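Okay, so here's the structure we're looking at.
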Amino acid sequence: MSKNIGIDIVEFEEIKERLSERFVKRILSIDELVRYDRIKNAERKIAYLAGRFAAKEAYTKVYKRFDEPLNFTDVVILNDELGAPYITSKYRPNDKISVSISHSRNYAIAICIKD
């Protein structure tokens, strides 16, 4: 059985350079914004945003193309009761996509695999 895989890495410095309210609202869904706004530590906010950005980029690489223009706010990455991320999307609502996000001091990386 073939699996589609997407991976992306984002440098925190890139996010800091692009950081604006407009950029954040273009990347994060309403539910993700709620969590983002609750984060008090500025560096942690950058890490959260970079991780979500990397995961959404990885998600797009799984499919390579969509029937309509992709809006990142329609791809939602939340966490389950154990803290593991999961994706919901209006673009392929019935597909099962596994996602993993990791952070280092300067980077966030994410991988998505279509099961």
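What follows is calculated from the coordinates using simple rules that are stated; it is not laboratory data. Bear in mind the structure is a predicted one, so any value in this text is a computation, not a measurement. Because the Cβ atoms are built from the backbone with ideal geometry, glycine has one as well, and the counts that use them run over all protein chains shown.
What is the dipole size for the stretch 55-115, taken about its Cα centre, with +1 at each Lys and Arg Cβ and -1 at each Asp and Glu Cβ, in debye to the nearest 20? Can you show the working numbers first?
On the way: 9 positive and 8 negative charges, 52 e Å.
Here the stretch 55-115 has a charge dipole of around 260 debye.
Under a cut-off of 20 Å between alpha-carbon atoms, report the lysines in cross-link reach of residue 3, not counting same-chain residues fewer than 8 places apart.
56, 61, 64, 96, 114
With a 10 Å cut-off between alpha carbons and a GNM built on the chain, which of 71, 41, 79 moves the most?
The residue with the greatest mean-square fluctuation here is 41.
Tell me the angle of helix 42-63 to the major Cα principal axis of the chain, expressed in degrees between 0 and 90 and rounded to the nearest ten.
20 degrees
Nearest 0.05, what FRET efficiency do residue 105 and residue 67 give at R0 = 35 Å with Cβ-Cβ as r? List each step's numbers first, then the result.
Details: r = 39 Å, r/R0 = 1.12.
Given R0 = 35 Å and the Cβ-Cβ separation, E is 0.35.
Build a GNM of the chain with springs between Cα atoms under 10 Å: which of 47, 84, 58 gets the top mean-square fluctuation?
84
Only one of the values (i) 63; (ii) 48; (iii) 32 was calculated from this structure for percent of Cα pairs over 21 Å apart; name its label.
Recomputing percent of Cα pairs over 21 Å apart here gives the entry labelled (iii).
What does the helix-only formula give at 222 nm for the chain: each DSSP H stretch with n ≥ 4 adding -39500 (n - 2.57), the total divided by the residues, and the result rounded to the nearest 500 deg cm²/dmol?
Values: 4 runs with 45 residues, N = 115.
Rounded to the nearest 500, the figure is -12000 deg cm²/dmol.
Starting from the Cα of residue 113, move 7 Å in the Cα-to-Cβ direction to define the label point; list residues of the stretch 47-86 whose amide nitrogen is under 17 Å from there.
Residues passing the 17 Å test: 55, 58-63, 84-86.
Taking the Cα centre of the stretch 4-114 as origin, work out the dipole magnitude from +1 charges on Lys and Arg Cβ and -1 charges on Asp and Glu Cβ, in debye rounded to 20.
That gives a dipole near 40 debye.
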